[in-house]
Amino acid sequence: MKSEIRDINLWESGSRKIQWVKNNMPLLRSIEEEFSETKPFEGIKVALSVHLEAKTAYLCKVLAAGGAEMYITGSNPLSTQDDVAAALVHDGLNVFAWYNSNEEEYHRHISEVIKAEPNIIIDDGGDLVHLIHSEYPHLIDNVIGGCEETTTGIIRLKAMDAAGKLKFPMVLVNDADCKHLFDNRYGTGQSVWDGINRTTNLIVAGKNVVVAGYGWCGKGVAMRAKGLGASVIVTEVDPIKAMEAVMDGFKVMKMTEAAKIGDFFITVTGCSGVICEDSFRVMKDNAICCNAGHFDVEVDVAGLKRIAKESHLARNNIMCYTLEDGRRINVIAEGRLVNLAAGDGHPAEIMDMSFAIQLLSALYLVRNKGRLNEKIINVPKEIDNEVAQRKLRFWGIEIDKLTQQQVEYLNASE
């Protein structure tokens, strides 16, 4: 076993966290029971880069229960929880990650899991896939395929595929209905505001909240802001999504205009430079900015630093930048993922579905080794439906089934 973590002595705290989420993730528990008997990943090395907190740790333990040899790292320097990493190492898994790693450490850690010569890659944002293609191409032949669970990662994958550079199949877990409809909307909506509220200790009701991006994540953030009593403003580049926001009851305007009146700003776009110098220069005193997209490029913190005359830590995880005219702009968690860098991420019940999709998609890749010709693969509908049916059963809910006559009616050509 290999590892590079902060402190193995933290393991007991991490184990308690993992047990708590396990108690609230019935889908994964049921899959763990099955995998423990069938061992479908026996002889398979899995490289995993996901936000390393308790729910991810339980995903890793389920894979290990299925026979996988696990090599684990975090997908964001500020979302790794050192006690959770210690608990996994204590249980015999290979972990390379610690909280607040610098650029060199982060690269070293993700390199270690690639150097293990993995057969399956489970990625969050695309760093593992990018690294093996750019720095370890001689290891690509070992890879059966992988799974990607973020919008940002899928954008990167599709760009690689379009350029003819993607060398093994990747399942687009984020696009599964049981992922984006629930994780992105309800998970992000709740966890973003959990991170903001616990970090700022400020009221949301009566404030102007600017949500940049109205995809599924943006919808969730806007919906929860409205529920907290905020006046919500949406900024968009997509005219269809802008119309959706209007019809959902939100104001829509350009960022340069929204910047003048916003109190809270949340970016959820997957793009860069969404809030930049032009916006900072017109913001109200004491405005608060944060990011709920994957990478720390949506809020241009580097640009803010250039125009600020000074900065100081205003509160744990909040950096305050003072401009030349005295106005203060606050940034939560250095512009990194606010729900993980300043919170515990999505609720366990939500990640129960997302990680069930991950597990069954990885199993699909193993079972279809060498038979998948496409490099970009959607989650098979039967996996989506299986996860949904299982979740409903755990909720104690039964739904109707089509009769044979109804099936024939729906499939009739005339």
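The values are calculated or read from the model by the stated rules, or taken from the named source; none is laboratory data. Since we're looking at a predicted model, the values are computed, not measured. Cβ placement follows ideal geometry from the backbone for every residue including glycine, while neighbour counts extend to all protein chains displayed. The accessibility values were calculated without ligands, DNA or RNA, using every heavy atom of the protein model including side chains. Shrake-Rupley method; radii C 1.70, N 1.55, O 1.52, S 1.80 Å.
For region 223-239, a residue qualifies if it is within 17 Å of Met255 (Cα to Cα) and either surrounded by fewer than 16 Cβ atoms within 10 Å (Cβ to Cβ) or of a type in the set (Ser, Thr, Tyr) (or both), and the qualifying residues are Ser231, Thr235, Val237, Asp238, Pro239.
What about Val171, is it touching a Leu at 6+ places or on another chain (Cβ under 8 Å), of a type in the set (A, V, I, L, M, F, W, C) and in a loop (DSSP other than H, G, I, E, B)? Spelling it out, it is not the case that Val171 is touching a Leu at 6+ places or on another chain (Cβ under 8 Å), of a type in the set (A, V, I, L, M, F, W, C) and in a loop (DSSP other than H, G, I, E, B). Taken together, Val209, Val171 contain a single residue that is among the hydrophobic types (A, V, I, L, M, F, W, C), open to solvent by less than 50 Å² (accessible area, probe 1.4 Å), in contact (Cβ under 8 Å) with a residue 60 or more places away in the chain and out of contact with any His (no Cβ under 8 Å at 6 or more places or on another chain), which is Val171. When Asn378, Asn373, Asn368 are checked against the criterion of being at pLDDT below 95 and not basic (Lys, Arg), Asn373 stands alone in meeting it. Listed by first and then second residue, the pairs linking a residue in region 376-396 that is touching a residue at least 60 places away in the same chain (Cβ under 8 Å) and within 30 Å of Ile155 (Cβ to Cβ) to a residue that is surrounded by fewer than 18 Cβ atoms within 10 Å (Cβ to Cβ) and of a type in the set (Ser, Thr, Tyr), with Cβ atoms under 7 Å apart and 6 or more places separating them unless they lie on different chains, are Arg390/Ser30. Out of region 3-16, which residues are closer than 27 Å to Ser111 by Cα and either in a helix (DSSP H, G or I) or in contact with a strand residue (DSSP E or B) (Cβ under 6 Å, 6 or more places away or on another chain) (or both)? Ser3, Glu4, Ile5, Ile8, Asn9, Leu10, Trp11, Gly14, Ser15, listed by residue number. Looking only at residues of region 325-350 that are open to solvent by 20 Å² or more (accessible area, probe 1.4 Å) and of a type in the set (A, V, I, L, M), we find that the one that is farthest from Gln19 (Cα to Cα) is Leu340. Tallying residues that are in a helix (DSSP H, G or I) and either more than 22 Å from Ile144 (Cα to Cα) or open to solvent by 60 Å² or more (accessible area, probe 1.4 Å) (or both) within region 37-58 yields 6.
Residue-by-condition table, conditions (1) of a type in the set (Lys, Arg); (2) modelled with pLDDT under 95; (3) open to solvent by 30 Å² or more (accessible area, probe 1.4 Å):
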| position | (1), (2), (3) |
| --- | --- |
| Cys60 | no, no, no |
| Gly66 | no, no, no |
| Glu69 | no, no, yes |
| Leu78 | no, yes, no |
| Asp83 | no, no, no |
| Ala87 | no, no, no |
| Ala97 | no, no, no |
| Glu104 | no, no, yes |
| His107 | no, no, yes |
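Does Thr269 satisfy the criteria of being part of a helix (DSSP H, G or I), open to solvent by 10 Å² or more (accessible area, probe 1.4 Å) and either at negative phi or in contact with a helix residue (DSSP H, G or I) (Cβ under 9 Å, 6 or more places away or on another chain) (or both)? In short, no. For the residues Asp278, Asp296, Asp285, Asp325, the requirement of being more than 28 Å from Arg224 (Cα to Cα), charged (D, E, K, R) and not in a strand (DSSP E or B) singles out Asp325. Residue selection: Lys260 satisfies the criterion of being basic (Lys, Arg) and part of a loop (DSSP other than H, G, I, E, B).
Would you call Thr188 in a helix (DSSP H, G or I), under 30 Å from Glu69 (Cα atoms), touching a residue at least 24 places away in the same chain (Cβ under 8 Å) and within 13 Å of the chain's Cα centre (by Cα)?
Working: in a helix (DSSP H, G or I): yes; under 30 Å from Glu69 (Cα atoms): no; touching a residue at least 24 places away in the same chain (Cβ under 8 Å): yes; within 13 Å of the chain's Cα centre (by Cα): yes.
So Thr188 fails the test.
Can Ile140 be described as assigned to a helix (DSSP H, G or I), touching a Phe, Trp or Tyr at 6+ places or on another chain (Cβ under 8 Å), more than 29 Å from Lys391 (Cβ to Cβ) and not polar (S, T, N, Q)? When the stated conditions are applied, Ile140 passes them. Of all residues in region 305-316, those that are under 22 Å from Val282 (Cβ atoms) and among the β-branched types (Val, Ile, Thr) have Cβ atoms under 8 Å from Cβ atoms of residues that are open to solvent by less than 90 Å² (accessible area, probe 1.4 Å) and in a strand (DSSP E or B), 6 or more apart or on another chain, in Ile307/Leu323.
Taken as a whole, the condition of being touching a Cys at 6+ places or on another chain (Cβ under 7 Å) and either in a helix (DSSP H, G or I) or open to solvent by less than 20 Å² (accessible area, probe 1.4 Å) (or both) applies to Ile122.
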